[in-house]
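As structure tokens, the structure follows; a few thoughts come after it.
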Amino acid sequence: MDNNYNRISKEMLDYVGILSKLEFEESEKESYIKGMEEMLDYVDILNELDTDTVPVDGGVYVRSQTDITAEKSEYQNVQNKDLLGNVVSAGDVNTGSQTDITAGKSEYQNVFREDTVSNENGQEAALYNAPVKKGEYIVVPKTI
Amino acid sequence: MKNLTALELSRKIKEKEISIKEVLDYTFKSMEDNKDLNSFVLEMRDEAYRQAEDVQKKIDANEELSSLAGVPIAIKDNICIEGMRTTCCSKMLENFIPTYSATVIERLRAAGLIIVGKTNMDEFAMGSTGETGYFGPCVNPINKGYVTGGSSGGSAAAIASGQVKLALGSDTGGSIRLPGAYCNVVGIKPTYGTVSRNGLIAYASSFDQIGPMAENVADAAALLEIISGHDAFDSTSLNKESYDFSGFLNDFAGENTINGNALNINALNENALNENALNENALNGNALNINISNKIATNEIKVDNISNINNLKGLKIGIPVDYLGDGLDDEIRESIYKTKEILEKAGAIVSEFEMGMFKYSVPAYYIIACAEASSNLERYDGVKYGLRAKDYSELHSMYKKSRSQGFGAEVKKRIMLGSFLLSSGYYDAYYIKALKTRELIKQCFENALNTYDCILLPVSPSTAPRLGESLKNPLKMYLSDVYNVSANLCGLPAIVFPAGESREGLPIGLQFIGRRFGEQEILYAAATCEAAGRGPESKAACEAHERGVV
């Protein structure tokens, strides 16, 4: 592909290194840049799709006809939120009666539980795999 | 023991025809004999014999146990077992000893299965060939020059070579199904939320599901039943009333239709085993009369059912023809159409249709998977657990050096790509775009599954590639999951089953994708194809069996 859109500069690679907390040998950089550019060029195919009116998906369920019949009543109190917390397709959800299959709205339900302590003191377990420790503490480099 | 299914083996153990210790002796000998396959990265000999003693005591006391009690099982190395090194086949976790066990492990133990070891895999489950792991590539037992597929390569190979009859894998974008197809093994990627992910080391959390792998459909269904269920430790696990995945297979042999040979039908039918090696066979005219009378005598089948020899009668199966275009090996396409014939003979209504969105599934999958991976793998910082680099100057240098030394190339690449895709300025163009694409793909599957009970697809565009070839062309490797990622994007259940072999003698696997919680339909359809003698009867599978000890 001969666009310039997905060229990753060395500066960009360094920036990605900061974001992902990785560092590279000078000799590795070219191959990582090439690998990333190749993938970005490939996923650009998604730009063929017009998604302006598509709701942002945040989950993995496809509703089947049976589910719709069986679960219709459950929709009443379910609020659909996208990843940013915006309510999506609330209209359909709240009425519960006019579920539109073709619109592909997804249903999610928050799962809450009481915030009660159910485990015992897990200090020993928590420290067990720490690579460097001293007594009851994990040792890290000086941070301030 | 060699020709027994896991269900039969458990029955023999319970009937005290064979002790669990004898079974384990056999298993560890077989693991020893198959070392060259590199299927296992940890043997759990002492632990297994200890566990065997406990389970044997229960059996001797005639305690009620599961349908797979006493049967050895192998566990993919991204599933935590307390006190047992769990590495994800990464240098990062080379010395990691979990302090708790995954929920699926607790369930297996409660059901009396014996865990014999941890299986090799692609590092952090990132790979489609079984070659990216820190402990070296998995080797395909059917032809040792070829890859197992990944990432659950060790689990698939351990079964295909007869080292074990059961294993757990995990499937984020085809990681159970691809090795299943390359190694002639049955594997199920359950509906998202069916199996608890607690204790599964995360790759892409909205896709990850643990699933069973086995020699045949009935064993896989029985294992799925054991590991499924709600778990308070995984809030995405659902609380369903029934997790009955194998009960319906009990009437399978009675209802069975196509060219059933006794071995396969027995495999499908735990209860009807003795009375019913029946073959009420549409294809086999000679046996038809005898079998029908047998059936009346033994099963008191209603007259209606005798005229209805089609166990899949009325099941609607769709084949998305737009998924079978360029890039798919002719032999695999042929196998789809052969399977279509079998399904039709069994009474299913098979139609071809256009699904849409084919070429967008892998790009959407990789964006979301890399994004989630970059976030999930941030926890490896050299502080709490995992590798800490030796030489570093300050905190950030410790993070960077530990991560750079601990992760392999493929993992680093996906973390980098994910960090980039989520970064300010690119988030909307890539990540949000991919989520919207996922929604469109879901709509396609939803529409299709409103019409069809399940969808028949290939598992990969070609049979297993040779070892060492794939990593040079990553894009091609990613495309080997082009048929698989949709089920993960949509959270749908899928089953891979053996469907013959190529002229080269390499296995071909196909898959059914079902509705959300439509495991029963896809199991039934796969069991039918299996009973048609296409799967375990293939030459390659038989040879692998001969090679193996079991």
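The values are calculated or read from the model by the stated rules, or taken from the named source; none is laboratory data. What you are looking at is a predicted structure, and each value in this text was computed from that prediction instead of being measured. Positions of Cβ are generated from backbone atoms using ideal geometry, with glycine treated the same way; all protein chains shown enter the neighbour counts. Calculation scope for accessible area: heavy atoms of the full protein, side chains included, ligands and nucleic acids excluded. Shrake-Rupley method; radii C 1.70, N 1.55, O 1.52, S 1.80 Å.
Distance between the modelled labels on A:Leu127 and A:Asp52, one decimal in nanometres: 6.1 nm (7 Å Cα→Cβ projection). Using a simple spin-label model with pseudo-atoms 7 Å out from Cα toward Cβ, B:Asp326 and B:Ala61 lie 6.7 nm apart.
What is the distance, in nm, between label points placed 7 Å from the Cα along the Cα-to-Cβ direction at A:Ser31 and at B:Arg503? Computed distance between label sites A:Ser31 and B:Arg503 equals 3.7 nm. Rounded to 0.05, the FRET efficiency of the B:His230 and B:Lys144 pair, given R0 = 41 Å and the Cβ-Cβ distance, is 0.45. For B:Gly211, the residues whose amide H sits under 5 Å from its own are B:Gly169, B:Ser170, B:Asp171, ignoring neighbours fewer than 5 places away on the same chain, with H placed 1.01 Å from N. In terms of the Cα gyration tensor, with a ≥ b ≥ c the square roots of its eigenvalues, is the range B:386-516 rounded because a/c is under 1.5, prolate because a/b exceeds b/c, or oblate? Oblate, since a/c reaches 1.5 and b/c is not below a/b. A simple rule links phi to the HN-Hα coupling: the Karplus curve 6.51 cos²θ - 1.76 cosθ + 1.60 with θ = phi - 60°, which for the range B:15-20 gives 7, 6, 6, 8, 8, 5 Hz, with x for Gly and Pro. Structure note, pairs B:Lys359/B:Lys436; B:Lys338/B:Lys442; B:Lys35/B:Lys412; B:Lys189/B:Lys345; B:Lys316/B:Lys476; B:Lys91/B:Lys412: Cα-Cα distances above 24 angstrom occur for B:Lys338/B:Lys442; B:Lys35/B:Lys412; B:Lys189/B:Lys345; B:Lys316/B:Lys476. Applying the criteria of a DSSP loop state and at most 13 other Cβ atoms within 10 Å to the GluC sites (Glu not before Pro) of the range A:6-36 yields A:Glu25. With angles folded into 0 to 90 degrees, how steeply does helix B:361-376 sit against the dominant principal axis of chain B? Use alpha carbons for both and round to 10. Rounded to the nearest ten degrees, it is 50. A straight chain from B:Lys29 to B:Lys359 at 0.36 nm per residue would run longer than the Cα-Cα distance by 114.2 nm. Length available on full extension from B:Ser351 to B:Ala110: 0.36 nm per residue minus the Cα-Cα distance, which gives 82.5 nm.
Neighbouring Cβ atoms from other chains, within 10 Å of the Cβ of residues in A:41-52, number 6 on average. Summed over both chains, the area buried between A and B is near 6300 Å², taken from the accessible surface of protein heavy atoms with a 1.4 Å probe. Across the range B:162-173, computed HN-Hα scalar couplings (Karplus, 6.51 cos²θ - 1.76 cosθ + 1.60, θ = phi - 60°) run x, 5, 9, 9, 9, 7, 9, x, 9, 10, 9, x Hz from first to last residue, x flagging Gly and Pro. Could you pull out the chymotrypsin sites (Phe, Trp or Tyr not before Pro) across the range A:109-140 that fall in loop regions by DSSP (anything but H, G, I, E, B) with no more than 11 other Cβ atoms inside 10 Å? Those that pass, being in a loop and sparsely packed, are A:Phe112. Derived scalar couplings between HN and Hα for the range B:426-434 equal 10, 3, 5, 5, 10, 5, 5, 4, 5 Hz in order, rounded to whole Hz, by the Karplus curve 6.51 cos²θ - 1.76 cosθ + 1.60 (θ = phi - 60°), x for Gly and Pro. The separation of the range B:130-174 from the range B:86-111, counted between C-alpha centres, amounts to 18 Å. For B:Tyr192, the residues whose modelled amide H falls within less than 5 Å of its own, excluding neighbours fewer than 5 places apart on the same chain, are B:Leu492. Annotation note: GluC sites (Glu not before Pro) in the range B:8-43 located in DSSP loop regions with a Cβ neighbour count of at most 11 within 10 Å are B:Glu15, B:Glu17. Using the Cβ-Cβ distance between B:Asp428 and B:Asp36 with R0 set to 60 Å, the FRET efficiency from 1/(1 + (r/R0)^6) comes to roughly 0.75.
Treating r as the C-beta distance of B:Glu15 and B:Lys313 and R0 as 30 Å, the FRET efficiency rounds to 0.25.
Close amide H contacts of B:Gly117 (hydrogens built in the peptide plane, cut-off under 5 Å, sequence separation of 5 or more or a different chain): B:Met44, B:Ile75.
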